[in-house]
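See structure below.
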Amino acid sequence: MAFSSLRGASSGILAVLKKGPRLRRRNRNTSLAPETPKVGTTTPPEASSPAIASLAPLTQIISQYLSPKEIERVREAYRFADQAHLGQFRASGQPYISHPIAVTEICAGWKLDADSLMAALLHDVIEDQDVSKQELAERFSSDVAEIVDGLSKLDRLEFATKAEQQAESFRKMLLAMARDVRVILIKLADRLHNMRTLDAVSPEKRRRVARETLEIYAPIAHRLGLNALVRELQDLCFQAIHPNRYQVLHKAIMAARGNRREVLGRISEDVGGALPAAGIEAEVSGREKSLYSIYNKMAEQKKSLSDVLDIYGFRIIVHTLPECYLALGTLHQLYRPVPGKFKDYIAIPKLNGYQSLHTTLVGPYGTPVEFQIRTREMDQVAEDGVASHWLYKDDDTTLNTLQKRTHQWLQSLLDIQSQTGDSGEFLEHVKVDLFPDSVYVFTPQGKILSLPRGATPVDFAYTIHTDIGNHAIAAKINGEYSPLRTELKSGDAIEIITSATSRPSAQWLNYVRTGRARSEIRHYLRTQRYEESVAFGERLLNQAFEQLALPRPPDDDPEWDKLAKGSGAISREEILADIGLGKRLAAVVARRFAPENSMLATTAAAMDELTAATGTAVLIHGNEGQAVQLAPCCGPLPGDAIIGGIRLGHGLVVHMSECAVAQRLRAKEPERWIPVAWDINNTARHLSTRLDVTVVNERGVLGRLAAAISDAESNIVHMTMQDDSASNAVLHLTLQVDSRKHLAQVIRTIRRVPQVQKIVRVKG
């Protein structure tokens, strides 16, 4: 799908700054530059004369399924919107009210209810004309007001960047959609009409709006099963982004139609005769693939148009489910099927509810032709998705399978929102869930789960339950133990092995694919880091009180509140977390609790230097978590002389005293370095260190070296090799050891390997 291939096209949306919005006043009836080509000017452009917007086509559509009373409510909404947008014109010169009418006609094509149509007519009055939500609720209904509010962008708020405003607007809209999916249906209709009228704006804006549509709105429409809408949006975006390529391809397709007319006519004749002969009454129609899908196939497969053979396909609509499979057998007898090109989306529907049998056959003259076989109901769902059987009640017993899936996905948006730090991160997680391709895997109980292509057992675990994901340590795939980073394939049976002591790893973020897994892992890491930072900050602060000979203040000391208010913190815990993360120095905080004596006359810098020079060392275990990190540049081990630097945002980073990196950093900011020492009674095991081993490059040396390391009760975490000469090689090893003494034992064991010439511990 376009989303995956153009994912980075609008990556600026994600560059969101965490800066609070400020209110901005705007006068009623003032036009602002719109995000999409919607709001025009208060006077029509001179180049074109405004036409009269008519409600007649809309009235004709809604009279087919709405009651007279409901039609009158829609008319009332039209009158209100017409008055609100009076004197306002689109960039094309059309009266602005023509846009809400066109959007409402699209929604009426989906047979949405009266409240939805009223909201479609009114969808810009809050945003553009400063009509209040309360006014809409009183005049029409609370449902209409809620939908319109969900559709309104946040233009009244002033953000640090345009990207921040976009991301926050998307979050607002998607959360409103999670409560009522009518919001996104109207928004998609709004975007479709804007795309149809893009010619009136500048080429640069045209491309920007088209890329945004490809990245966000087309994937959402696909996720909701609105495939007819997706195809039109993609073709319109293709035309806006690559107008020359679009025209060339369009002309080539038109020319190819004449050349392939004979082949298509013969296939249609053959199929039209074979199906009735088998007792199947069916509707057979030929179709041409969209220009965007043809262009994507040419780009991905690096083929010319003449090499892309399956440009055309046939759709066969039958009456019943058994007839789908009977028609499939008839077609396979008529033409030879292409191996590996059959997919049964009836037995296992797509995530968006799409159901159909797909098969590719070798037609006359060796031309491959794709056939889609489905019932009339399946065809309706395939084209209009969740809008085909529209319900918006909360009672799950009334929902069909497609609506239940949609409801679950929308509910997951709320779950992701609760675990997300800001609007940019939320949007990133939602994008992850919009991948169109899926794999279908089985739980140990035989239940089928749909996951994005490329998903891993970690994604599977979080899909089952957050606790299973947080405590996963291994996975069984089809009965065999497999790494947690293994990509799942359709048909795999997955079993997750858990442990009460296991915790999520930051490394999981490198290979998870679902938005829920990504947000849950990040939430856990943030929470865990905060808790560890609070505990470590308290240790540093207590030590500072001892160094300054000050009594430790109680937790309810009023000075904590004064300190928090004066420095922008929320609570005492946040102050401690800031100390643990290096954002505050413990000595400076401790001085705030000193009595009024000569100590207060000492400058903060002087006090910090005094504290660093004379204070007792902070005891390090090596397994404190994210609040205390062992520097990867030198890999300190218990037994090494060490020093600790408070790094802003990272907490305490422990280096070897002789580390060149530490010495350079300490020279720049001496006040941020404190004495640290190993807690000899409680140190971590399996710490990483690095060795460079020079060996004679001959067969079997790696095996002997690995065996020696294993005999010394160590483990190789990572290894790379660099050819030093024709006869020698340098092995860069990362090993797990318990202490400096254990490392010395490992080195002695390695030296016994005859091919080893030199061993150097990497210390910086």
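Each reported figure results from applying straightforward, stated rules to the coordinates on display, with no laboratory input. Remember, it's a predicted structure, so these values are computed and weren't measured experimentally. A quick note on method: Cβ atoms are made from the backbone with ideal geometry, for glycine too, and the neighbour counts reach across all protein chains shown.
Between residue 303 and residue 535, what FRET efficiency follows from the Cβ-Cβ distance if R0 is 60 Å, with the result rounded to 0.05?
Values: r = 60 Å, r/R0 = 1.00.
Working from the Cβ atoms, E equals 0.50.
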> Long-range amide H contacts for residue 474: which residues qualify at under 5 Å (H placed 1.01 Å from N, peptide plane, sequence gap of 5 or more or a different chain)?
Replying inline: 497
>> Taking each pair of distinct Cα atoms in the stretch 199-290 once, what is the resulting Kirkwood hydrodynamic radius in Å?
In response: 16.1
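Going by how many other Cβ atoms sit within 10 Å of their own, how do 647, 191 line up, fewest first?
Ascending number of Cβ neighbours within 10 Å: 647, 191.
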> Which parts of the stretch 538-561 would a label at residue 571 reach, counting a residue when its backbone N lies under 14 Å from a point 7 Å out along Cα-to-Cβ?
Replying inline: 555-556, 561
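Per Stokes-Einstein, at 25 °C and 0.890 mPa s, what whole-number D in µm² s⁻¹ belongs to the stretch 51-126, with the Kirkwood radius over Cα pairs as the hydrodynamic radius?
The Stokes-Einstein estimate is 200 µm²/s.
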> So who's got an amide H within less than 5 Å of the one on residue 356, skipping anything under 5 residues away but keeping other chains? H placed 1.01 Å off N, in plane.
Replying inline: 345, 346
> Any idea what the alpha-carbon Rg over 2.2 N^0.38 Å comes to for the stretch 256-387?
Replying inline: 1.06
>> Can I get the semi-axes of the stretch 687-761's equivalent ellipsoid? Compute them from the C-alpha gyration tensor as square roots of 5 times the eigenvalues, in angstrom, largest first.
In response: 20, 12, 10
>> Once R0 is set to 60 Å, what does the formula 1/(1 + (r/R0)^6) return for the Cβ-Cβ distance between residue 748 and residue 377, expressed as a FRET efficiency to the nearest 0.05?
In response: 0.20
>> Please arrange 365, 96 by how many other C-beta atoms lie within 10 Å of their C-beta, fewest to most.
In response: 365, 96
>> For residue 492, what residues show an amide H to amide H distance below 5 Å, using hydrogens built from the backbone and excluding near sequence neighbours?
In response: 442
>> Could you sort the peptides 321-327, 747-753, 89-95, 714-720 by per-residue average Cβ neighbour count (10 Å cutoff), highest mean leading?
In response: 89-95, 321-327, 747-753, 714-720
> Mind ordering 218-228, 506-516 by average Cβ neighbours within 10 Å, highest first?
Replying inline: 218-228, 506-516
> Modelled label-to-label distance, residue 290 and residue 707, 7 Å Cα→beta-carbon offset: nm?
Replying inline: 6.2
> Per-residue HN-Hα couplings for the stretch 316-333, Karplus 6.51 cos²θ - 1.76 cosθ + 1.60 at θ = phi - 60°, whole Hz, x for Gly and Pro?
Replying inline: 10, 9, 10, 8, 10, 4, x, 5, 4, 6, 5, 5, 4, x, 5, 5, 5, 7
> Going by average Cβ neighbours within 10 Å, how do the peptides 695-705, 341-351 rank, with the highest at the top?
Replying inline: 341-351, 695-705
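May I ask for the percentage of alpha-carbon pairs in the stretch 233-275 that lie more than 11 Å from each other? Present the calculation step by step, with values, prior to reporting the outcome.
Numbers: 629 of 903 pairs.
Result for the distance tail: 70 percent.
Exposure proxy check: 742, 732 ranked by fewest other beta carbons within 10 Å? Could the numbers behind the result be given before it?
Details: 742 21, 732 14.
Final ranking by Cβ density, sparse to dense: 732, 742.
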